[in-house]
1. Hey, any hits in region B:240-248 for a residue that's closer than 19 Å to residue B:324 by Cα, of a type outside the set (Ser, Thr, Tyr) and in contact (Cβ under 8 Å) with a residue 12 or more places away in the chain?
2. Which ranges mark the helices (runs of 4 or more DSSP H) fully within region B:379-489 that have 2 or more residues being of a type in the set (Gly, Ala, Ser)?
3. Across region B:79-108, what is the total count of residues that are charged (D, E, K, R), under 26 Å from residue B:189 (Cβ atoms) and in a loop (DSSP other than H, G, I, E, B)?
4. I'd like to check which helices (runs of 4 or more DSSP H) are fully inside region B:637-703 and have at least 3 residues that are modelled with pLDDT of 85 or more, over 26 Å from the mean Cα position of the chain (by Cα) and within 14 Å of chain A (Cβ to nearest Cβ).
5. Does region A:133-149 contain at least one residue that is within 30 Å of residue A:102 (Cα to Cα) and in contact with a helix residue (DSSP H, G or I) (Cβ under 7 Å, 6 or more places away or on another chain)?
6. Which of the residues spanning region B:98-111 are of a type outside the set (A, V, I, L, M) and either exposed (fewer than 12 other Cβ atoms within 10 Å of the Cβ) or closer than 18 Å to residue B:68 by Cβ (or both)?
7. Need the failing condition index for residue B:817 against (1) touching a Gly at 6+ places or on another chain (Cβ under 8 Å); (2) within 14 Å of chain A (Cβ to nearest Cβ); (3) at pLDDT 60 or above, just the number.
8. If we keep just the residues of region B:251-274 that are assigned to a loop (DSSP other than H, G, I, E, B) and within 28 Å of the chain's Cα centre (by Cα), which is surrounded by the fewest Cβ atoms within 10 Å (Cβ to Cβ)?
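The values are calculated or read from the model by the stated rules, or taken from the named source; none is laboratory data. Since we're looking at a predicted model, the values are computed, not measured. Cβ coordinates were reconstructed from backbone atoms using ideal geometry, including for glycine residues, and neighbour counts include every protein chain displayed.
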Amino acid sequence: MNLALAEKGMKQSTGLVGIAGERAVCDPRGTLFFPSLGLLAVSDLHLEKGSSLACRGALVPPYDTGATLHRLAAVIGDYAPRIVVSLGDSFHDGKGAARLHPSFREGLERLILGRDWFWIAGNHDPEAPADLPGETVRELAVSRLLFRHEPSRVRAEGEIAGHLHPCARIVRRGRSVRRRCFISDGARMIMPAFGAYTGSLNVLDRAYAGLFRHESLMAYMLGEGRVFAIAGPMLRPG
Amino acid sequence: MTAKPDLHAETATALLPGPFLQWFEQKGWSPRPHQTELLARTRSGQSTLLIAPTGAGKTLAGFLPSLVELAGRQKRRPGEARRGVHTLYISPLKALAVDIQRNLGKPVEEIGLPIAIETRTGDTPAHKRQRQKLNPPDILLTTPEQLALLIAGTDARRFFEDLRIVIFDELHSLVTSKRGHLLALALARLRSFVPDLRAIGLSATVAEPDELRRWLVPQASPPPMAGIITVAGGAKPDISILESQERVPWAGHSARYAIPEIYDAVKKHKTTLLFVNTRSQAEMLFQELWRVNEDSLPIALHHGSLDVGQRRRVEKAMGDNALRAIVATSTLDLGIDWGDVDLVVHVGAPKGASRLAQRIGRANHRMDEPSKAMLIPANRFEVLECRAALEANYLGAQDTPPLLSGTLDVLAQHILGTACSSPFDADQLFDEVRSAAPYAGLDRVAFDRVVDFVANGGYALKTYDRYARIRRTREGLWRITHPRIAQQYRLNIGTIVEMPELNVRYVRQGRGASVRGGRVLGKVEEYFAETLRPGDNFLFAGKVLRFEGIRENECIVSAGGGKTQIIVPSYAGGKFPLSTYLADQVRGMLADPDHWQALPEQVSDWLRLQEEKSVLPKRGDLLVETFPRNERHYMVCYPFEGRLAHQTLGMLLTRRLERAGALPLGFVATDYSLAVWALDDMDALFKAKNPSLANLFGEDMLGDDLEAWLNDSWMLKRMFRTCAVIAGLIEKRFPGREKTGRQVTVSADLIYDVLRSHEPDHILLQATRADAAAGLLDVGRLADMLSRIRGRIVHKHLEQISPLAVPIMLEIGKESVNGGANESLLMEAADLIEEAMGTDEDRAGA
């Protein structure tokens, strides 16, 4: 219908942002790439969330790890980064890495091979993932940037964090659209969760209070093939 | 004929014990033939369906066999083993069970019977439930959900060992849903405990009584049936259609034009029951009536989204005859008797002849007096529909929906429940399940897949075996792996899955969404609240409310008003499509000018004008009109198959037109017709046979096109969620747990996406697609229509809009299609910002 027509004429667009002076690309699949550093950041993979729920009796489809890794492999294939930073909660629980199906483990090892791979410790996975290559760290400083899992409560120039699973919502013409998003005020950024089974929390929730400068707040909402930059005043709670 | 009463009196004396006969005599009544007949059949061990109109003493008849048997039961001596429940009564509504306890208690007391009658519903306190298990009443009044809980208990077999009779009230309404499937499985389970259990079904008149008769008995081949007793209808109802002095509008559903006339009718009667089809109509009608209510008559509002306390207050006031009028939706449809209603007004078309009969039955609960009812058509097509419904009610025509085969999500729930009660043998359970009517045709492969699903999710990728919920023991029995599984099961029982809803909380204006406290008015669906902006006014619980904001699971509102536009919430449920039967009647009426005399002049004029300017289709034909308007090209067709089927047709036609290069822009569907508009001239395309109309409306659209569209449809996601909750894959949402829930659980949408791309043939996706085809999309009806109109499409190209097309053209813009336009909304919002702030490039460089 008219939507399809509109899409044909649409130019492919990625969200270009500047964080503490570093230029980065917000990919509509939910990853962040710094071309000058050859660094790809991805947050909250929550691998093996399905099996974690299954332990507790909710037998949700066991395909989340495969789906998440498949998308991650595609992104890595596109950007060919020298450095990959997984911003924490890479596994849904501490035993997640041990539960990895051998085929997924091999796939993940292939992705890691030949690059600097950093596992940032998250609240779900404070320890290093069992028997996987890559270096486990609490934080990682690169150039003017600081990668960590939980955003610090104080103003932190150059901080890239995850943990909160941001999403944003707009209302137009009586209709509501909610999407995962990157959220930034130009000084720091919180990345969307990448995992197939990860839920999300609206950026206007209390949990984000005080983290960003209101006047320059932008949400980069994930769309089909592009990200949409939406200014703070247009966002709605819920 | 003259000998019959005597014969009957003899049977009555033989069947009824002395105290019962004396009681009838004291009351000045004599047992009615259907009451004694049911007694005799039940005594002989038969299951029976009793079909009777309201007011025929159906309840007493249903319980009489139990009361007589229990009267003969010896008093329990001290030290004697406890006695179990003798009679189980199942009702679709909690309120109905409570009502019955009151109505039945009276004769039991007056006859002097030592019979304990108790209810067990979701409202029954835990200590009472516990006590009921230790010391069960003789008669237990309960709901399908509570029965499912009871049979999943570890002591189920013992609890039901003394059960002799099970009574299903309002059986016609119980059996048409998934609730009915769960109940049929429970009945099969009860029969495995007590093979000679007798079932009594009480029902209003239905189109296919044999379906209900089969439902009551264990399935076998050839299909056996329960006995049937039919009580003829009472006096012919006195139904009229409002002959308004005002102009009947072309379109819309508000019936605002008739408000003064409705108010007059209310003034002239003691108590008027005003039925509408949707909650939004109820809110609007209530508001409009109060606007003209100069005499301040007590007029109340009753619908399913209102706070329970508020509803109970209205019901009580109604019982006390303190109200002059009640505006209600289907929540009052079922057989609860309240007050002296002497007029039923139906605003909007009733959409089905059986529904009309049920609702009219609400007036005047004495069989021998005619019920009085008035129909208010909201627009011109509804005039035709009301006329058709009125004739149908006189003819006694019935159009209750056909029973559907049992769904697999419900079966999964039942299988887990069975395992929670005690370990089961798969072969035995398969036979038991097949003895339930909805599952008579279930094949073993599907059954085994569902067992597999219950055990470990049933995925092709076998990684969950160690987390199995049920596992086969060495003896070959399936047993739950952990007591926790049974606890989780009990929390998630039932087949009613609510759409996410928010409490509406009322606070003082100007305090914003941050305040605490305030009164809860009821619930609105989350998706509606999400479209509101602070300051918006909307109509709810009979008030104009100002939206303040959403806080957790609450929608905060304050007193509204002022000059801003008022929004009426729409509810996803509650819109009934036009029944197949009425649709056919309306088509017949259009085709037959002799019929038009019965119609108001303004409506028959409209039809004559249509005949002049375009054409009126014959009964079996499909009229397709094309015309240009405002640089767009329109196609309007008139299948009269109901809004759901038309919506599905609209989706599929636009896909096809898009492929043909017609550049379709959108469509809108009503119960009667469908309009599609496009940039290209569709008339020219049809003339060039690219595609021909016959091909466009070809039955093959129900193949690949349907499949492709379905998979991306938000409706399917919605249905998947329901199936996943019922089948026990994801947990129900509980009030107050949403916040933590979001962090712990996975949303059904995410599961759907993952499952669809990795295992599209999973049993739960199959169940979802089957539901969609049967329910929301009305695919069956669409298929029937497409085959009916083959070779019977009448195409009329016009220079301008036809009279028949006016109603649907007025709907355009009011109710457009919720396709996938989310991306364009986002783009619009982003573009606005680009204008104001420059491009991404500029900012990134800054």
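1. Going residue by residue through region B:240-248, those that are closer than 19 Å to residue B:324 by Cα are none.
Among the residues of region B:240-248, not one is closer than 19 Å to residue B:324 by Cα, of a type outside the set (Ser, Thr, Tyr) and in contact (Cβ under 8 Å) with a residue 12 or more places away in the chain, which makes the answer no.
2. On the way: elements: B:380-395, B:408-421, B:426-434, B:444-456.
Correct list: B:380-395, B:408-421, B:444-456.
3. Initially, region B:79-108 is screened for residues charged (D, E, K, R), giving B:80, B:82-83, B:94, B:99, B:102, B:106.
Checking which are under 26 Å from residue B:189 (Cβ atoms) leaves us with B:82-83, B:94.
Then drop every residue that is not in a loop (DSSP other than H, G, I, E, B), which leaves B:82-83.
Total meeting the criteria: 2.
4. On the way: elements: B:643-659, B:682-687, B:693-696.
Correct list: B:643-659.
5. The answer is yes, given that some residue of region A:133-149 is within 30 Å of residue A:102 (Cα to Cα) and in contact with a helix residue (DSSP H, G or I) (Cβ under 7 Å, 6 or more places away or on another chain).
6. Restricting attention to region B:98-111, the residues satisfying the condition of being of a type outside the set (A, V, I, L, M) are B:99, B:101-103, B:105-107, B:109-110.
Once the filter is applied, which keeps residues that are of a type outside the set (A, V, I, L, M) and either exposed (fewer than 12 other Cβ atoms within 10 Å of the Cβ) or closer than 18 Å to residue B:68 by Cβ (or both), region B:98-111 yields B:102, B:103, B:105, B:106, B:107, B:109, B:110.
7. Going through the list (1) touching a Gly at 6+ places or on another chain (Cβ under 8 Å); (2) within 14 Å of chain A (Cβ to nearest Cβ); (3) at pLDDT 60 or above, residue B:817 breaks only (3).
8. Start the filter on region B:251-274 by keeping residues that are assigned to a loop (DSSP other than H, G, I, E, B), which leaves B:251-255, B:269-271.
Checking which are within 28 Å of the chain's Cα centre (by Cα) leaves us with B:251-255, B:271.
On the way: B:251: 18, B:252: 15, B:253: 20, B:254: 19, B:255: 26, B:271: 21.
Going through the qualifying residues, I end up with B:252.
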